[in-house]
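The values are calculated or read from the model by the stated rules, or taken from the named source; none is laboratory data. Just so it is clear, the structure is predicted and the values come from calculations on it, not from any experiment. Cβ atoms come from the backbone with ideal geometry, glycine included; neighbour counts cover every protein chain shown.
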Amino acid sequence: MPPNRARRVTHCAILGLGATLALVACGAAPVAPSGAAGVSPAGTSPARTAGVQATPTPQPTEPFAIRESNLLPGRYLQAGFPPGVSFVLPAGWKGYFDDADGAYLGGPQGVEIGINKPPKVVDLKTGATIDSPADLAAWLAGSPAFDTVKSSSVTVGGKPAKLVEATSAGERPLFAYASGNFHTVPGSRYAFYVFPMDGPDLVFMLIGSKTSFEAELAMLKTIVDSVRIGRG
(Lines give C-alpha, C1' and ligand atoms only; values in the text may rest on other atoms or scores of the structure.)
Protein backbone atom coordinates (compact mmCIF):
# COMPACT_ATOMS: atom_id res chain seq x y z
CA MET A 1 0.00 0.00 0.00
CA PRO A 2 1.47 3.39 -0.95
CA PRO A 3 1.44 6.41 1.35
CA ASN A 4 -2.00 8.03 1.41
CA ARG A 5 -1.70 11.39 -0.31
CA ALA A 6 -4.99 12.50 1.18
CA ARG A 7 -3.45 12.22 4.65
CA ARG A 8 0.07 13.58 4.33
CA VAL A 9 0.16 14.04 8.11
CA THR A 10 0.28 10.29 8.76
CA HIS A 11 2.97 7.81 7.84
CA CYS A 12 2.93 4.69 5.73
CA ALA A 13 2.27 1.82 8.14
CA ILE A 14 3.09 -0.83 5.56
CA LEU A 15 6.74 0.25 5.53
CA GLY A 16 7.10 0.35 9.26
CA LEU A 17 8.24 3.97 9.05
CA GLY A 18 5.74 5.45 6.87
CA ALA A 19 6.37 8.38 4.68
CA THR A 20 4.11 11.34 5.20
CA LEU A 21 4.20 12.39 1.60
CA ALA A 22 0.72 11.83 0.30
CA LEU A 23 -1.28 10.35 -2.53
CA VAL A 24 -4.17 12.72 -3.19
CA ALA A 25 -4.37 11.52 -6.75
CA CYS A 26 -1.66 9.90 -8.77
CA GLY A 27 -2.21 12.05 -11.84
CA ALA A 28 -1.05 10.68 -15.14
CA ALA A 29 0.68 7.39 -14.36
CA PRO A 30 4.26 7.28 -15.63
CA VAL A 31 5.45 4.08 -17.25
CA ALA A 32 7.74 1.36 -15.93
CA PRO A 33 10.11 -1.08 -17.56
CA SER A 34 8.64 -4.24 -19.03
CA GLY A 35 7.94 -6.81 -16.34
CA ALA A 36 7.10 -4.41 -13.51
CA ALA A 37 4.10 -5.56 -11.52
CA GLY A 38 1.92 -2.51 -12.21
CA VAL A 39 -0.66 -3.60 -9.61
CA SER A 40 -2.07 -0.94 -7.28
CA PRO A 41 -4.28 -1.17 -4.19
CA ALA A 42 -7.97 -0.53 -4.83
CA GLY A 43 -8.94 3.11 -4.94
CA THR A 44 -5.46 4.52 -5.43
CA SER A 45 -4.81 4.25 -9.15
CA PRO A 46 -6.51 6.38 -11.82
CA ALA A 47 -5.98 3.50 -14.24
CA ARG A 48 -8.39 1.26 -12.31
CA THR A 49 -11.86 1.24 -13.86
CA ALA A 50 -14.66 -1.10 -12.79
CA GLY A 51 -12.12 -3.27 -10.97
CA VAL A 52 -9.87 -3.73 -14.01
CA GLN A 53 -6.21 -2.69 -13.76
CA ALA A 54 -4.85 -1.28 -17.02
CA THR A 55 -1.66 -2.90 -18.32
CA PRO A 56 1.22 -0.39 -18.21
CA THR A 57 3.02 0.41 -21.44
CA PRO A 58 6.66 -0.64 -21.11
CA GLN A 59 9.28 2.06 -21.52
CA PRO A 60 11.91 0.38 -23.70
CA THR A 61 15.08 2.13 -22.59
CA GLU A 62 16.61 3.62 -19.47
CA PRO A 63 16.10 5.86 -17.68
CA PHE A 64 12.74 4.35 -16.77
CA ALA A 65 9.86 6.40 -15.39
CA ILE A 66 8.75 6.03 -11.76
CA ARG A 67 5.24 4.63 -11.48
CA GLU A 68 3.05 3.14 -8.79
CA SER A 69 4.30 -0.44 -8.99
CA ASN A 70 7.17 -2.74 -8.20
CA LEU A 71 10.26 -1.53 -10.05
CA LEU A 72 12.78 -3.70 -11.83
CA PRO A 73 16.49 -2.92 -11.32
CA GLY A 74 17.76 -0.10 -13.54
CA ARG A 75 18.15 3.67 -13.85
CA TYR A 76 15.02 5.72 -13.10
CA LEU A 77 14.21 9.36 -13.77
CA GLN A 78 12.23 11.58 -11.43
CA ALA A 79 10.39 13.86 -13.84
CA GLY A 80 7.52 15.51 -11.94
CA PHE A 81 9.39 18.83 -11.79
CA PRO A 82 12.67 20.19 -13.21
CA PRO A 83 15.57 19.71 -13.38
CA GLY A 84 14.94 15.96 -12.96
CA VAL A 85 16.99 13.45 -10.96
CA SER A 86 18.05 10.02 -12.18
CA PHE A 87 19.48 7.18 -10.11
CA VAL A 88 20.03 3.43 -10.29
CA LEU A 89 17.86 1.10 -8.20
CA PRO A 90 18.72 -2.48 -7.28
CA ALA A 91 16.00 -5.11 -6.81
CA GLY A 92 13.37 -4.71 -4.11
CA TRP A 93 12.04 -1.21 -4.73
CA LYS A 94 8.50 0.04 -5.32
CA GLY A 95 7.38 3.37 -6.79
CA TYR A 96 4.58 5.37 -5.14
CA PHE A 97 4.33 8.59 -7.14
CA ASP A 98 6.23 11.13 -9.21
CA ASP A 99 4.44 14.45 -9.65
CA ALA A 100 4.75 18.18 -9.02
CA ASP A 101 4.94 17.65 -5.23
CA GLY A 102 7.78 15.15 -5.51
CA ALA A 103 8.64 11.49 -6.00
CA TYR A 104 8.50 8.77 -3.37
CA LEU A 105 9.77 5.19 -3.37
CA GLY A 106 9.94 2.37 -0.83
CA GLY A 107 12.69 -0.22 -0.55
CA PRO A 108 13.94 -3.21 1.46
CA GLN A 109 13.31 -3.27 5.21
CA GLY A 110 11.18 -0.13 4.98
CA VAL A 111 13.88 2.28 3.81
CA GLU A 112 12.53 5.04 1.58
CA ILE A 113 13.63 7.67 -0.94
CA GLY A 114 11.95 11.04 -1.35
CA ILE A 115 12.77 13.69 -3.94
CA ASN A 116 11.23 17.14 -3.72
CA LYS A 117 11.64 20.90 -3.77
CA PRO A 118 9.55 21.83 -0.72
CA PRO A 119 7.82 25.18 -1.37
CA LYS A 120 7.19 25.81 2.32
CA VAL A 121 8.39 24.57 5.69
CA VAL A 122 6.98 24.59 9.21
CA ASP A 123 8.70 26.83 11.77
CA LEU A 124 8.41 24.77 14.95
CA LYS A 125 9.27 27.76 17.13
CA THR A 126 6.18 29.66 16.00
CA GLY A 127 4.07 26.92 14.39
CA ALA A 128 3.81 29.06 11.25
CA THR A 129 4.10 27.79 7.69
CA ILE A 130 6.71 29.88 5.90
CA ASP A 131 8.38 29.98 2.49
CA SER A 132 11.21 27.51 2.08
CA PRO A 133 14.39 29.30 3.21
CA ALA A 134 17.12 30.25 0.74
CA ASP A 135 19.52 27.86 2.51
CA LEU A 136 17.36 24.83 3.20
CA ALA A 137 20.30 22.71 4.41
CA ALA A 138 21.14 25.23 7.14
CA TRP A 139 17.47 25.40 8.13
CA LEU A 140 17.28 21.59 8.41
CA ALA A 141 20.49 21.48 10.44
CA GLY A 142 18.98 23.93 12.92
CA SER A 143 15.49 22.45 13.08
CA PRO A 144 14.24 21.36 16.52
CA ALA A 145 12.41 18.52 14.73
CA PHE A 146 15.60 16.47 15.10
CA ASP A 147 17.30 15.07 18.18
CA THR A 148 20.71 14.72 16.57
CA VAL A 149 21.97 16.40 13.42
CA LYS A 150 25.23 16.68 11.48
CA SER A 151 25.91 18.72 8.33
CA SER A 152 28.72 18.35 5.80
CA SER A 153 29.62 19.48 2.29
CA VAL A 154 29.57 16.73 -0.36
CA THR A 155 29.59 16.28 -4.12
CA VAL A 156 26.93 14.10 -5.73
CA GLY A 157 26.94 13.39 -9.44
CA GLY A 158 29.46 16.18 -9.92
CA LYS A 159 27.16 18.71 -8.19
CA PRO A 160 27.91 20.41 -4.86
CA ALA A 161 25.44 19.60 -2.12
CA LYS A 162 25.03 19.67 1.63
CA LEU A 163 24.39 16.42 3.48
CA VAL A 164 22.28 16.79 6.62
CA GLU A 165 22.19 13.58 8.67
CA ALA A 166 19.64 13.50 11.45
CA THR A 167 17.60 11.35 13.80
CA SER A 168 14.18 11.98 15.32
CA ALA A 169 12.49 10.68 18.45
CA GLY A 170 9.18 12.41 17.90
CA GLU A 171 6.62 13.31 15.24
CA ARG A 172 7.13 16.87 14.05
CA PRO A 173 5.96 18.73 10.91
CA LEU A 174 8.80 19.60 8.56
CA PHE A 175 7.89 20.36 4.92
CA ALA A 176 4.50 21.84 4.03
CA TYR A 177 2.40 21.18 0.90
CA ALA A 178 -1.11 22.10 -0.16
CA SER A 179 -2.20 18.51 0.56
CA GLY A 180 -0.58 18.31 4.01
CA ASN A 181 2.71 18.26 5.86
CA PHE A 182 5.69 15.93 5.80
CA HIS A 183 6.40 14.83 9.37
CA THR A 184 9.34 13.21 11.08
CA VAL A 185 8.73 9.74 12.54
CA PRO A 186 9.84 8.60 16.01
CA GLY A 187 12.92 6.38 15.90
CA SER A 188 13.89 7.32 12.35
CA ARG A 189 17.14 8.23 10.68
CA TYR A 190 17.43 10.69 7.79
CA ALA A 191 19.99 11.70 5.20
CA PHE A 192 19.01 14.87 3.32
CA TYR A 193 21.14 15.67 0.27
CA VAL A 194 20.31 19.32 -0.44
CA PHE A 195 21.25 20.83 -3.82
CA PRO A 196 21.17 24.64 -4.10
CA MET A 197 18.64 25.73 -6.75
CA ASP A 198 16.87 28.83 -8.00
CA GLY A 199 13.64 28.77 -6.05
CA PRO A 200 13.30 26.00 -3.45
CA ASP A 201 16.41 23.85 -3.06
CA LEU A 202 16.26 20.27 -4.36
CA VAL A 203 16.20 17.55 -1.70
CA PHE A 204 17.12 13.89 -2.27
CA MET A 205 16.33 12.25 1.05
CA LEU A 206 16.86 8.79 2.48
CA ILE A 207 14.66 7.66 5.37
CA GLY A 208 14.52 4.54 7.54
CA SER A 209 14.27 3.26 11.05
CA LYS A 210 17.67 3.42 12.71
CA THR A 211 18.01 -0.37 12.42
CA SER A 212 16.92 -0.68 8.80
CA PHE A 213 18.92 2.36 7.72
CA GLU A 214 22.09 0.86 9.14
CA ALA A 215 21.34 -2.56 7.64
CA GLU A 216 20.84 -1.08 4.16
CA LEU A 217 23.52 1.62 4.39
CA ALA A 218 25.80 0.11 1.72
CA MET A 219 22.90 -0.22 -0.71
CA LEU A 220 21.72 3.34 -0.04
CA LYS A 221 25.24 4.67 -0.60
CA THR A 222 25.36 2.88 -3.97
CA ILE A 223 22.10 4.59 -4.99
CA VAL A 224 23.41 8.01 -3.95
CA ASP A 225 26.64 7.41 -5.87
CA SER A 226 24.52 6.81 -9.00
CA VAL A 227 22.53 10.08 -8.70
CA ARG A 228 22.67 12.48 -11.65
CA ILE A 229 20.96 15.88 -11.69
CA GLY A 230 19.14 16.76 -14.93
CA ARG A 231 17.48 14.81 -17.69
CA GLY A 232 20.56 14.31 -19.84
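Observations, loosely collected:
- The C-beta contact set for region 171-195 (first residue within 22 Å of Ser153 (Cβ to Cβ) and among the small types (Gly, Ala, Ser), second residue outside any loop (DSSP other than H, G, I, E, B) and modelled with pLDDT of 95 or more, distance under 6 angstrom, 6+ apart or interchain) comprises Ala191/Glu165; Ala191/Leu206.
- Elements of the type strands (runs of 3 or more DSSP E) sitting completely within region 92-201 and holding at least 3 residues that are out of contact with any strand residue (DSSP E or B) (no Cβ under 6 Å at 6 or more places or on another chain), crowded, with 22+ Cβ neighbours inside 10 Å and among the acidic types (Asp, Glu): there are none.
- Condition met for Thr222 (within 27 Å of Ala79 (Cβ to Cβ), part of a helix (DSSP H, G or I) and among the hydroxyl-bearing types (Ser, Thr, Tyr)): yes
- Criterion applied to Ser188, Ser152 was being modelled with pLDDT of 95 or more and farther than 29 Å from Phe64 by Cβ, and the one residue passing it is Ser152.
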